[in-house]
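**Student:** First the structure, which I've put down as C-alpha cells, then a few questions once you've had a look.
The values are calculated or read from the model by the stated rules, or taken from the named source; none is laboratory data. In this text the structure is predicted, and so the values were computed from the model without any measurement. Please note: Cβ atoms are built from the backbone with ideal geometry, for glycine as well, and neighbour counts cover all protein chains shown. Just the protein is used for accessible areas: all its heavy atoms, side chains included, with ligands, DNA and RNA removed. Shrake-Rupley method; radii C 1.70, N 1.55, O 1.52, S 1.80 Å.
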Amino acid sequence: MTEPVGLAKGLTNYGDPDFALYLRRSFARSMGYSSDMLACPVIGIADTYSGYNNCHRHFPELIEAVKRGVLAMGGLPLTFPTISLGEVFLNPTSLMFRNLMAIDTEEMIRAQPMDAVVLVGGCDKTVPAQLMGAISANRPAIQLVAGPMMTARWHGERLGACTDCRRFWARYRAGEIEPKEIREIEGNLATTAGTCAVMGTASTMASVAEALGMILPGTAAIPAVHADRLRAGEATGRAAMQLARSGLTPDRIITADAVENALRVLMAIGGSTNAVLHLTAIAGRAGIDIDLRHLNEISDSTPVLVDLKPTGPHYMEDLFAAGGVGAVLRELRPLLHLDCLTVTGETLSQRLSAPAGPVDRSVVKPLADPLQPAGGLVALFGSLAPGGAIFKRSAADPKLFEKDGRAVVFASLEDLSARIDDPDLDVTPDDFLVLQNAGPVSASGMPEAGYLPIPAKLARAGVKDMVRISDARMSGTAYGSIVLHVTPDAASGGPLARVRNGDRIRLSVKERRIDLLVPPEELARRPVAAPPIPERGYARLYRNEILQADRGCDFNFLRKHPLTVPQS
Ligand code: FES
C-alpha cells in the first residue's frame with residue numbers, strides 16, 4: 001500500500017477513513033482550493049508572526065516567498081500559527097516558554113496533514129523551540145530564519161541591538177550620558193525587522209542551524225530586509241518540496257557528528273552562551289548528550305574566527321557581506337565531520353566543494369591566523385558548580401581569569417534590584433557579585449540576569465568589569481567576566497544556595513574551576529529553602545519537569561531518552 005500524500009495523511013478519526021477524507025476535502029474546498037490543488041503534496045509552514053514579536057514583523061512577506069517556492073514545485077503550502085516568543089515581551093522570561101513552543105510545534109506538525117514543514121522563526125528561543133519540536137515529530141523539516149536587523153546611526157556612530165543597548169545603558173548608569181541622549185539612542189537601536197544585529201543568541205542559533213544542516217546553505221546571515229532573504233524564502237519552499245519527495249527526516253541530519261560540527265561553529269563565531277543550553281536540548285531530542293567536558297575539548301581546539309560584537313567591532317550584516325557562515329565552515333573544514341547530511345540532501349563536503357565568493361578577512365579570519373587561538377566558551381567545574389557552569393572567556397577581562405574574591409550575595413532578583421545601587425552596599429571592585437535563585441528551577445525561570453550590573457557607586461568610579469556568578473543566563477549580546485548556568489541551581493538546593501556574604505570563592509579559567517572555599521561541614525549547617533510548586537497550569541508542568549542547565553533545560557519527558565533519576 002502506498003503512503004498517503006498531502007491532505008490524505010493523518011485523517012481525523014471518525015471510524016470511517018473514507019468519510020474522514022471526504023469531509024476534509026469538502027471543508028478544504030470551502031477555502032476556495034480546486035480539487036487539483038488539494039491532491040498536491042502539502043507543505044506546512046509554521047508561522048510565528050506576532051504583534052508581540054518585533055523581530056518577526058516581516059514574516060507575512062517572507063512567508064509569501066516560501067509559498068511561491070512551494071507552488072512552483074507543484075505543492076500546496078498551508079500556513080499554521082504556533083506560539084511566538086518575542087524576547088523582550090515575555091514575563092518572567094522567554095526561556096520558560098521555549099519548551100511550550102516546542103510542544104506546540106511538535107504536536108501541530110504531527111497532528112496536521114503535511115508532507116514536510118517549513119519552520120519560520122528567528123527571535124532567540126523560537127529557532128531552538130522549532131528544531132526541538134521538529135526533531136521529536138521527525139517529519140521532513142527545514143528551518144528558515146528571520147535574518148538579522150540592519151544597523152542604524154546615532155551621531156555618526158553605528159548602533160545595533162543589543163550590545164550597544166547595554167554599552168550605552170552602562171554609560172548612562174555611570175552618568176556619562178544624559179537622559180535626553182539615552183532616549184534618542186533608544187529610538188535608534190532597533191530600526192528594522194529582523195533579529196538582534198550582533199552575534200547574540202538569535203544570530204548564534206541561526207549559525208548553529210546552518211552548521212547542523214537544517215537551513216539552506218548560505219542563508220543564516222542574510223539581513224531580514226535584504227531581497228536575498230525573500231529569495232532564500234522562495235528557495236526554502238522549493239527545498240521543502242524536495243524534502244517531501246525524498247522523505248529525509250531530521251534524525252538523519254541532526255546526528256552526533258552534526259552536533260559536534262555545530263559546537264565547533266559556536267566556538268568559532270564567539271557565539272552566545274545560551275546556545276549551549278539550546279544545542280544541548282536539541283541534541284537531547286535526538287538522543288545525543290552533550291558532555292560539558294567534551295565542550296571544553298572542542299573549545300580548546302577551535303579558534304575564534306569571527307570578529308563580531310559583542311567581542312569585536314562588526315555586525316551580522318558585515319558577516320553576510322564577508323561571506324556568511326559558509327566562509328566560517330570552509331575555514332573550519334579540517335575540524336568538521338564532512339559526511340554529515342544537510343537538508344538539501346547533499347553532504348557538508350559537497351556543500352563546501354561548491355565555488356565560493358570572496359571573504360572579507362577583517363570579519364572572518366583564516367584558520368591559520370585566528371582572532372583568538374581557542375573557543376570563546378568554557379565550562380567550569382568545582383565545589384560551587386558540581387554539574388558545571390559556563391564562562392564566556394572571549395567577552396571577559398583576562399585580568400580577572402585567575403582570582404579569588406569575597407562574595408557579595410544577592411538572594412534573588414528582587415534583592416539584587418533593591419540593593420545593587422545602595423550607596424551603603426559593602427562592595428569593592430575585587431569582590432565577586434553572586435546572584436542566587438535565578439536558575440531553571442526558580443520561579444523566575446532562568447532569566448538573562450547573569451549580567452549583574454556593576455554597582456552604581458563603582459560604575460561611577462570607572463569600574464567596567466567584575467566577576468559575577470549566578471545560576472541565571474546571559475544575553476548573547478552581553479559581555480563581562482560572568483559565570484553563568486551554575487548547576488545545580490540554588491532553587492534545587494545546589495551549593496550556590498549556601499553561599500553567604502564574605503565567603504571566599506576562587507575562579508580559575510585556566511584550570512576550569514569555580515570553587516566555594518568553605519568547609520563542607522559549615523555548608524551543611526546552612527539552611528536552604530525550596531521555592532513553592534505552582535498550583536496549576538503551565539508553571540506547574542514547568543516546575544515538575546524542568547531539567548538543569550547541563551541538560552539544556554528541556555522537560556524530562558520530552559527527551560528521546562528521559563533521565564531515570566530526574567534532577568529536580
Ligand atoms: Fe528578537 Fe533579540 S529581541 S533576537
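**Student:** State all residues of region 401-437 that are open to solvent by less than 10 Å² (accessible area, probe 1.4 Å), within 23 Å of Arg167 (Cα to Cα) and in contact with a helix residue (DSSP H, G or I) (Cβ under 7 Å, 6 or more places away or on another chain); if no residue qualifies, say none.
**Tutor:** Leu435
**Student:** Out of region 264-283, which residues are part of a helix (DSSP H, G or I) and closer than 25 Å to Pro370 by Cβ?
**Tutor:** Residues of region 264-283 that are part of a helix (DSSP H, G or I), as a first pass: 264-268, 274-283.
Listed by number, the residues that qualify are Arg264, Val265, Leu266, Met267, Ala268, Asn274, Ala275, Val276, His278, Leu279.
**Student:** Collect the residues in region 309-323 that are open to solvent by less than 10 Å² (accessible area, probe 1.4 Å) and under 26 Å from Gln130 (Cα atoms), keeping them in residue-number order.
**Tutor:** Matches in region 309-323: Tyr315, Met316, Leu319.
**Student:** Moving on. Being within 15 Å of the ligand (Cβ to nearest atom), among the small types (Gly, Ala, Ser) and within 15 Å of the chain's Cα centre (by Cα) narrows it down to one of Gly122, Gly160, Gly133, so name that one.
**Tutor:** Gly122
**Student:** Let me ask another. Inspect all residues belonging to region 265-283 and state whether any of them is open to solvent by 10 Å² or more (accessible area, probe 1.4 Å) and touching a Ser or Thr at 6+ places or on another chain (Cβ under 7 Å).
**Tutor:** Looking for residues that are open to solvent by 10 Å² or more (accessible area, probe 1.4 Å) and touching a Ser or Thr at 6+ places or on another chain (Cβ under 7 Å), one finds none in region 265-283, hence no.
**Student:** Looking at this structure, is Val225 open to solvent by 60 Å² or more (accessible area, probe 1.4 Å), within 30 Å of Val343 (Cβ to Cβ) and assigned to a loop (DSSP other than H, G, I, E, B)?
**Tutor:** Against the criterion (open to solvent by 60 Å² or more (accessible area, probe 1.4 Å), within 30 Å of Val343 (Cβ to Cβ) and assigned to a loop (DSSP other than H, G, I, E, B)), Val225 qualifies.
Residues checked against (1) outside any helix (DSSP H, G or I); (2) in contact with a Ser or Thr (Cβ under 8 Å, 6 or more places away or on another chain):
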residue: Ala190; (1), (2): yes, no
residue: Ala206; (1), (2): no, yes
residue: Gly218; (1), (2): yes, no
residue: Arg252; (1), (2): no, no
residue: Asp257; (1), (2): no, no
residue: Ala262; (1), (2): no, no
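**Student:** Quick check: is even one residue across region 556-565 surrounded by 13 or more Cβ atoms within 10 Å (Cβ to Cβ), aromatic (Phe, Trp, Tyr) and under 26 Å from the mean Cα position of the chain (by Cα)?
**Tutor:** No: zero hits.
**Student:** Sticking with this one: Could you check how many residues of region 196-220 are open to solvent by less than 10 Å² (accessible area, probe 1.4 Å) and either hydroxyl-bearing (Ser, Thr, Tyr) or within 13 Å of the ligand (Cβ to nearest atom) (or both)?
**Tutor:** Count: 11.
**Student:** Would you check which residues across region 284-306 are open to solvent by 10 Å² or more (accessible area, probe 1.4 Å), part of a loop (DSSP other than H, G, I, E, B) and either closer than 24 Å to Ser475 by Cβ or of a type outside the set (Asp, Glu) (or both) and list them?
**Tutor:** Ala286, Gly287, Ile288, Ile290, Ser301, Pro303
**Student:** For region 354-376, which positions are out of contact with any Ser or Thr (no Cβ under 6 Å at 6 or more places or on another chain) and crowded, with 20+ Cβ neighbours inside 10 Å?
**Tutor:** Val363, Val364, Lys365
**Student:** While we're on this one: For residues that are small (Gly, Ala, Ser), in contact (Cβ under 8 Å) with a residue 40 or more places away in the chain and assigned to a helix (DSSP H, G or I), tally how many sit in region 323-354.
**Tutor:** 2
**Student:** Quick one: which residue in Ala129, Ala137, Ala102, Ala116 is over 20 Å from Arg229 (Cβ atoms), surrounded by 20 or more Cβ atoms within 10 Å (Cβ to Cβ), of a type in the set (Gly, Ala, Ser) and in contact with an Asp or Glu (Cβ under 6 Å, 6 or more places away or on another chain)?
**Tutor:** Only one candidate qualifies: Ala137.
**Student:** Using the structure shown, decide if Leu484 is modelled with pLDDT of 95 or more and either touching a helix residue (DSSP H, G or I) at 6+ places or on another chain (Cβ under 6 Å) or surrounded by fewer than 20 Cβ atoms within 10 Å (Cβ to Cβ) (or both).
**Tutor:** no
**Student:** Let me ask something else. How do the helices (runs of 4 or more DSSP H) wholly within region 1-106 filter down when requiring 1 or more residues that are more than 16 Å from the ligand (Cβ to nearest atom), within 26 Å of Thr201 (Cβ to Cβ) and of a type in the set (A, V, I, L, M, F, W, C): which remain?
**Tutor:** Working: elements: 17-29, 35-38, 59-72.
It comes to 59-72.
**Student:** Would you check which residues across region 180-195 are of a type in the set (A, V, I, L, M, F, W, C) and within 14 Å of the ligand (Cβ to nearest atom) and list them?
**Tutor:** Passing the criteria: Leu189, Ala190, Ala193.
**Student:** Between a first residue in region 247-268 that is under 16 Å from Leu367 (Cβ atoms) and a second residue that is open to solvent by 30 Å² or more (accessible area, probe 1.4 Å), which pairs have beta carbons less than 8 Å apart while being 6 or more apart in sequence or on different chains?
**Tutor:** What qualifies is Asn261/His337; Arg264/Leu335; Ala268/Glu331.
**Student:** For region 250-264, which residues satisfy the criterion of being more than 15 Å from the chain's Cα centre (by Cα) and open to solvent by less than 10 Å² (accessible area, probe 1.4 Å)? Spell out how you get there, then give the answer.
**Tutor:** Narrowing region 250-264 to residues more than 15 Å from the chain's Cα centre (by Cα): 250-258, 260-261, 264.
Within region 250-264, Pro250, Ile253, Ile254, Ala258, Asn261 meet the criteria.
**Student:** Determine whether Ala389 is among the small types (Gly, Ala, Ser), open to solvent by less than 10 Å² (accessible area, probe 1.4 Å) and either assigned to a strand (DSSP E or B) or modelled with pLDDT under 95 (or both).
**Tutor:** Considered against the rule, which asks whether it is among the small types (Gly, Ala, Ser), open to solvent by less than 10 Å² (accessible area, probe 1.4 Å) and either assigned to a strand (DSSP E or B) or modelled with pLDDT under 95 (or both), Ala389 comes out as yes.
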